[in-house]
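The values are calculated or read from the model by the stated rules, or taken from the named source; none is laboratory data. Predicted model only: the values in this text are computed from it and were never measured. Positions of Cβ are backbone-derived with ideal geometry, glycine not excepted, and every protein chain shown enters the neighbour counts. Just the protein is used for accessible areas: all its heavy atoms, side chains included, with ligands, DNA and RNA removed. Shrake-Rupley method; radii C 1.70, N 1.55, O 1.52, S 1.80 Å.
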Amino acid sequence: MLKKAILFLFLFTQIAFSGLGQYIKWQEDKSINYLRLHLVTHEISRYQPQTGWVAVDTLSSVNVNFDDILPGSNGIHEFQIGKSAKYYLTIHCTGQMYELDKATWTLKRLDQTFFRGANCLSSIFMRGDDIYSFGGYGFWRSNNILTKFDFVAKEWMSIAAEGDIPASIFDGMSGYSAKKDRFYLLSTVYMNDTEKKTAFNRDYGIYEYDFFNQKFTRLGEIKLDIVRNFLDSKDPKPFVFNGRYFIISDKPNKDFAYDTMFFIDVEDDFKVYQWKNPHRIYLNAQRGDDPEAYMHVSGDSLVWSNNLVKASVEEPGFTMVSVQTLIREAEYIGTLDEAPWYERFALFGAVLLAILSVALIFEIYRRLKRNKLKKSIRFLLGANERLFLDFLILNYEQGFVNGHQIIAFFGKHKSTPESQRQFRAKLIENFTKTLGLIFVDEEILDIQLDERDQRMFTYRLQPEIYKKLKNL
């Protein structure tokens, strides 16, 4: 509810003070400098870290109603048109698109849109010659709408997407990588006051949008504890993106000089590095009405105001450092989707438990099947056949048994040869027929001629039958 109240207050103050003498501020494209336009006097000023604010000129305009421009310093973006002195200028919450000619300091309205308040704090970026606006917040809800500005229709046109489309593109970390030609979204919040939500529903997914296929892909989930804790906190979440690294500050200015920065590399499997501020630099990473004073990115450099390095009261004081320098000084702490040890242990435990459960079920099934087979054999086999089965199993490892051994085992050696033959033949016949009812279409006995007496046979259980019966 606190975040919702802040958003409502932010939007209310933007509208309530739009008629007063207010400014808009924005960072110049591919520069560390900022521009400021007074909406009443139309004075344009430039901020350079070395000099502070310096008046440049008075802006002229073409088809511009300055009362339509919301004052503020959030969500205003500038994009250079080719290599000319002309730039596109977008005003968030309104869909307004302007052309700013810095050679003549002329502002010209390009769009013919009439809506406002639907996509505040959206992610706006330039891809080639196109301007995109993804997501945002407005009318008491976040959205996942994808739009591109149509310079012919002079209006924002919606884009249909496929795949793992996030429910919202808002309050996370998002940015466009020109090198990979992908839009990245790391964590996002879905909120809709109509649904009586009492808290933000944060999606910790890692999303990538492919412009060629117009498809979102969920690459994984943010599990690295140190980043996830940052997203869960109630603190503001300032971040900058230089096309490769998402750069976020942890507890800026609260634990000085132990504040840290995190670097998330979208080009290298979302590896995360933590910079622990070995130089004890004052990290000024907040966001507010003075964005020129806070951490911002230009190419491979981070720039922010730093009063601790001022040589005099009048000197602005700032810090500028290369991102690659910070990366070299940082410590690699894992990939963004790397689960904490206890989660990995829980996963291992779940897998182990699943394996043990399957093994237990299999063993129970095997025992039930064996007991069923054992009961069937006891029920079907006669007393002599059961004894004969035990005799064959006992002597299986020693090899084949002959007729004389069978007769001796059953104590029929004192009977006549004809009686012995009949007993043996009947025993073998009953044994094979009975087990044949249980093991259908399987050979029960391996019967061979006796090498010592060609008039007789030797007997042994077939290997597969032996394997099934030996542990009964």
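Residues that are part of a helix (DSSP H, G or I), modelled with pLDDT under 85 and in contact with a helix residue (DSSP H, G or I) (Cβ under 8 Å, 6 or more places away or on another chain): does the range 347-370 have at least one?
No: the range 347-370 contains no residue that is part of a helix (DSSP H, G or I), modelled with pLDDT under 85 and in contact with a helix residue (DSSP H, G or I) (Cβ under 8 Å, 6 or more places away or on another chain).
Just a yes or no: is a residue in the range 93-107 at pLDDT 95 or above and either among the small types (G, A, S) or touching a Gly at 6+ places or on another chain (Cβ under 8 Å) (or both)?
Scanning the range 93-107, I find at least one residue that is at pLDDT 95 or above and either among the small types (G, A, S) or touching a Gly at 6+ places or on another chain (Cβ under 8 Å) (or both), so the answer is yes.
Across the range 29-74, which residue is farthest from I91 (Cα to Cα) among those that are open to solvent by less than 20 Å² (accessible area, probe 1.4 Å) and part of a loop (DSSP other than H, G, I, E, B)?
By that ranking, first place goes to P49.
If you take the residues in the range 279-303 that are among the charged types (D, E, K, R) and open to solvent by 20 Å² or more (accessible area, probe 1.4 Å), which one is farthest from V321 (Cα to Cα)?
Step by step, filter the range 279-303, then rank; the result is D289.
Every residue in the range 88-127 that is surrounded by 19 or more Cβ atoms within 10 Å (Cβ to Cβ), within 30 Å of the chain's Cα centre (by Cα) and in a loop (DSSP other than H, G, I, E, B), please.
Residues satisfying the conditions are H92, C93, N119, L121, S122.
With respect to S298, is the statement that it is small (G, A, S) and at pLDDT below 80 true?
no
Considering only residues of the range 44-77 that are acidic (D, E) and out of contact with any Phe, Trp or Tyr (no Cβ under 7 Å at 6 or more places or on another chain), which is nearest to N119 (Cα to Cα)?
Looking at residues that are acidic (D, E) and out of contact with any Phe, Trp or Tyr (no Cβ under 7 Å at 6 or more places or on another chain), I get D68.
Kindly indicate whether T194 is open to solvent by less than 70 Å² (accessible area, probe 1.4 Å) and more than 30 Å from S84 (Cβ to Cβ).
In short, no.
Just to be sure before I move on: is D130 closer than 19 Å to S61 by Cβ, among the acidic types (D, E) and open to solvent by less than 70 Å² (accessible area, probe 1.4 Å) in the structure I sent?
It is false that D130 is closer than 19 Å to S61 by Cβ, among the acidic types (D, E) and open to solvent by less than 70 Å² (accessible area, probe 1.4 Å).
Here are K223, K276, K215, K234: which of them is closer than 23 Å to L336 by Cα, modelled with pLDDT under 85, open to solvent by 50 Å² or more (accessible area, probe 1.4 Å) and not hydroxyl-bearing (S, T, Y)?
Just a single option satisfies the conditions, and that option is K234.
Taking the range 422-465 as the region of interest, how many residues are within 15 Å of Q405 (Cα to Cα), charged (D, E, K, R), open to solvent by less than 90 Å² (accessible area, probe 1.4 Å) and in contact (Cβ under 8 Å) with a residue 24 or more places away in the chain?
Result for the range 422-465: 3.
In the range 96-129, how many are within 15 Å of E155 (Cβ to Cβ) and of a type outside the set (D, E, K, R)?
Count: 10.
Strands (runs of 3 or more DSSP E) wholly in the range 149-219 with at least 3 residues that are aromatic (F, W, Y) and under 18 Å from F270 (Cβ atoms) - which ones?
Hits in the range 149-219: 201-210.
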